[in-house]
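Engineer: Once you've had a glance at the structure underneath, I'll fire off some questions.
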Amino acid sequence: MTHGRFITLEGGEGAGKSTLLSGLEHWLRAQGVAVSRTREPGGTTLGEALRSLLLDPAQAGISAEAELLLMFAARAELVRKLIQPALAAGRWVLSDRYTDASYAYQGGGRGQPVARIRALEQWAALDLKPDHTLLLDLPVAAGRARAAGRDHPDRIEREDDAFFERVRGVYRARAAAEPQRFSLIDANAAPDVVLAAAQAALRPLFAIRA
Ligand code: Z5A
């Protein structure tokens with residue numbers, strides 16, 4: 001049976017995930033790879049509706065528990081409706097964020113217990129792990145400076161620097177704990193340098209699976 005590859009991009013605000021995703025999508029398609037691009041929260045009809053709620057500044061103050069469950073409600077739908085079918089059809093799935101973001105934001109940022117997130121990962125996300133994760137690492141101030149031009153920061157972008165420092169700390173710790181799955185990429189580099197680093201990290205995934 002053919003089986004695609006599941007690639008996720010992670011990082012803080014303004015790290016360059018969307019920019020890199022477009023470059024990777026173009027590169028993979030040029031090599032004849034069938035690609036499905038998605039994002040979290042989102043990617044399905046339900047997921048996009050949940051994304052609007054989750055990022056809406058009018059929802060300021062929702063509980064950390066509700067936020068965590070809504071992230072995983074969107075993910076449960078995405079895994080079953082898009083990611084698994086695409087992988088089974090031999091497509092590569094490129095996702096702008098996935099479960100590592102819940103460990104970083106709801107775990108690190110909001111202080112939700114890791115065991116609770118792990119249980120949701122196993123149940124709601126079917127314990128589906130990425131084949132590879134590209135972590136775009138950038139100091140918080142640099143990411144915020146890139147995003148500063150936006151007129152209307154969303155609900156999560158309104159958090160303070162300490163929140164985003166905790167997020168970054170969890171991301172870096174997860175990359176250190178799983179060095180085979182993660183590539184830590186310096187997101188301060190120029191976009192073409194970031195793309196080249198990501199391509200180098202993904203080339204081994206072209207090898208035929210046993
Ligand atoms: N979230 C969560 O809490 N829990 C979860 O489980 C999940 C998500 C899945 C989703 O937002 C929010 O949901 C996110 C985490 C939370 N909240 N925050 N904060 P998102 O992922 O859609 O949005 P984002 O993280 O805020 O992404 P972003 O700010 O749009 O950034 P980006 O996609 O990483 O960057 P970009 O759009 O490619 O680039 C930003 C700017 O920098 C732009 O002007 C580029 O031209 C420029 N750029 C890009 N690359 C470079 C380089 N290399 N050098 C210089 N400038 C660059």
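Engineer: Using the structure shown, decide if residue 4 is surrounded by fewer than 17 Cβ atoms within 10 Å (Cβ to Cβ), more than 15 Å from the chain's Cα centre (by Cα), more than 10 Å from the ligand (Cβ to nearest atom) and in a loop (DSSP other than H, G, I, E, B). Can you show your working first?
Structural biologist: Details: surrounded by fewer than 17 Cβ atoms within 10 Å (Cβ to Cβ): no; more than 15 Å from the chain's Cα centre (by Cα): yes; more than 10 Å from the ligand (Cβ to nearest atom): yes; in a loop (DSSP other than H, G, I, E, B): yes.
No.
Engineer: With respect to the numbered conditions (1) on the phi < 0 side of the Ramachandran plot; (2) open to solvent by 20 Å² or more (accessible area, probe 1.4 Å); (3) hydrophobic (A, V, I, L, M, F, W, C), which one is the sole condition not fulfilled by residue 117?
Structural biologist: It is condition (2) that residue 117 fails.
Engineer: Still on this structure: Return the residues of the range 26-60 that are among the aliphatic types (A, V, I, L, M) and part of a helix (DSSP H, G or I); say none if nothing qualifies. Break it down stepwise before answering.
Structural biologist: Let us first name the residues in the range 26-60 that are among the aliphatic types (A, V, I, L, M), namely 28, 30, 33-35, 46, 49-50, 53-55, 58, 60.
Selection gives 28, 30, 46, 49, 50, 53, 54, 55, 58.
Engineer: Which of the residues belonging to the range 148-181 are surrounded by 15 or more Cβ atoms within 10 Å (Cβ to Cβ) and small (Gly, Ala, Ser)?
Structural biologist: Passing the criteria: only 175.
Engineer: Do we find that residue 199 is within 24 Å of residue 4 (Cβ to Cβ), assigned to a loop (DSSP other than H, G, I, E, B) and either in contact with an Asp or Glu (Cβ under 6 Å, 6 or more places away or on another chain) or not aliphatic (A, V, I, L, M) (or both) in this structure?
Structural biologist: So residue 199 fails the test.
Engineer: Only one of (1) in a strand (DSSP E or B); (2) surrounded by fewer than 22 Cβ atoms within 10 Å (Cβ to Cβ); (3) of a type in the set (Ser, Thr, Tyr) fails for residue 19. Which number is that?
Structural biologist: Just one mismatch for residue 19, condition (1).
Engineer: Filter the range 151-170 for residues that are free of Cβ contacts under 8 Å to residues at least 24 places away in the same chain and not in a helix (DSSP H, G or I); which is nearest to residue 188 (Cα to Cα)?
Structural biologist: Looking at the filtered set, the residue picked out is 160.
Engineer: Next up: Any residue in the range 44-68 that is buried (at least 16 other Cβ atoms within 10 Å of the Cβ) sitting within a Cβ distance under 8 Å of a residue that is of a type in the set (Ser, Thr, Tyr) and not in a loop (DSSP other than H, G, I, E, B)? List the pairs, counting only those 6 or more apart or interchain.
Structural biologist: So the pair list comes out as 68/102.
Engineer: Among the residues of the range 182-196, write down those that are open to solvent by less than 40 Å² (accessible area, probe 1.4 Å) and touching a strand residue (DSSP E or B) at 6+ places or on another chain (Cβ under 8 Å). Quick ask: steps written out before the conclusion?
Structural biologist: Our first condition is that a residue be open to solvent by less than 40 Å² (accessible area, probe 1.4 Å); within the range 182-196, this holds for 182-183, 185, 187, 189, 194.
Answer for the range 182-196, where residues must be open to solvent by less than 40 Å² (accessible area, probe 1.4 Å) and touching a strand residue (DSSP E or B) at 6+ places or on another chain (Cβ under 8 Å): 182, 183, 185, 187, 194.
Engineer: Between 203, 172, which is modelled with pLDDT of 95 or more and closer than 15 Å to residue 102 by Cα?
Structural biologist: Numbers: 203 fails: closer than 15 Å to residue 102 by Cα.
From the options 203, 172, the qualifying one is 172.
Engineer: Do any helices (runs of 4 or more DSSP H) lying entirely in the range 77-150 carry at least 1 residues that are over 30 Å from residue 188 (Cα atoms) and either aromatic (Phe, Trp, Tyr) or more than 17 Å from the chain's Cα centre (by Cα) (or both), and which ones are they? Spell out the reasoning first.
Structural biologist: Numbers: elements: 84-88, 114-123, 140-147.
Hits in the range 77-150: 84-88, 114-123.
Engineer: Mind listing whichever residues of the range 84-103 are out of contact with any helix residue (DSSP H, G or I) (no Cβ under 9 Å at 6 or more places or on another chain) and open to solvent by less than 40 Å² (accessible area, probe 1.4 Å)?
Structural biologist: Restricting attention to the range 84-103, the residues satisfying the condition of being out of contact with any helix residue (DSSP H, G or I) (no Cβ under 9 Å at 6 or more places or on another chain) are 84-90.
Hits for the range 84-103 are 86, 87, 90.
The values are calculated or read from the model by the stated rules, or taken from the named source; none is laboratory data. Because the structure is a prediction, the values reported are computed rather than measured. As a convention, Cβ positions derive from the backbone with ideal geometry for all residues, glycine included, and neighbour counts pool all protein chains shown. SASA here: full protein model, heavy atoms, side chains in, ligands and nucleic acids out. Shrake-Rupley method; radii C 1.70, N 1.55, O 1.52, S 1.80 Å.
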